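Structure first, commentary second.
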Amino acid sequence: STNQDIPNYNYHTAHCNLNQAGEIILQTNPFPQTTGMICDHLCQTKCTRINYDGSVLIREIKRYVAETAIARELSKPRTPIKNTSNKRISIIGAGPAGLSCAYFLALAGFQPEVFESKPTPGGMVSGVIPSFRLTNESIENDIQRIINLGVTVNFNHEVKGEAFNKIRGKSD
């Protein structure tokens, strides 16, 4: 769970303010297109709306906002906060966890550098989930939005031993 403000983005979606709904989603979820496609939506079985008519289709709403407003805004990256710190931040792995970390650090004004041993980002999400559940375009859009924040990703860069010490700023 990304602890998203679901009632708020549902409200804006219902009132045709998709850009605002997208901004709310992006506050806590750097992968809205991905999660909009692969979420197993177990919350729908516990939704209190079932007592009246039917559960709220949260996954489909998020997917709709992600595929329309958020995807449309891909060329207009979010503006990071100005950070006066000169601290370097290195992240090992360009899977969902590493890229999420890079996303939030970039929004906080840092310039994270990600090191990935494989030639492509996405980790298990892009390598294991079948294309009928998650399209390449969806995950690529989510990853590109993160890179557009100024995140540097170094591919084919395995980090162990000496390479790890170099990233840490230490030499043997």
For residue 57 and residue 108, extending 7 Å from Cα along the Cα-Cβ vector and measuring point to point gives, in nm, a value of 3.8 nm
Using a 1.4 Å probe on heavy atoms of the protein chains only, the accessible area for residue 57 in Å², nearest 10, reads 80 Å²
Pseudo-spin-label distance residue 129 to residue 19, built 7 Å along Cα→Cβ, given in nm, is 2.8 nm
Sorted by chain and number, the residues with a modelled amide H under 5 Å from that of residue 154, at a separation of 5 or more or across chains, are 114, 115, 116
Over the chain, the sum of -39500 (n - 2.57) across DSSP H runs of at least four, divided by residue number and rounded to 500 deg cm²/dmol, gives at 222 nm -12000 deg cm²/dmol
Here the longest stretch of the chain that holds no chymotrypsin sites (Phe, Trp or Tyr not before Pro) in a DSSP loop having at most 13 other beta carbon atoms within 10 Å is 53-131
Computed over the chain, protein heavy atoms only, probe 1.4 angstrom, the accessible area per residue in square angstrom equals 60 Å²
With a 1.4 angstrom probe the carbon and sulfur portion of accessible area for the chain, in percent, totals 53 percent
Using a 1.4 Å probe on heavy atoms of the protein chains only, the accessible area for residue 49 in Å², nearest 10, reads 90 Å²
Relative contact order as a percentage, the chain, C-alpha pairs under 8 Å and 6+ apart, gives 21 percent
The ratio Rg/Rh over the Cα atoms of region 86-138, Rh being the Kirkwood inverse mean 1/r radius, stands at 1.05
Of every Cα-Cα pair in the chain, the percentage lying beyond 23 Å is 46 percent
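The values are calculated or read from the model by the stated rules, or taken from the named source; none is laboratory data. Since we're looking at a predicted model, the values are computed, not measured. Note that each Cβ is placed from the backbone with ideal geometry, even for glycine, and that neighbours are counted across all protein chains shown. Just the protein is used for accessible areas: all its heavy atoms, side chains included, with ligands, DNA and RNA removed. Shrake-Rupley method; radii C 1.70, N 1.55, O 1.52, S 1.80 Å.
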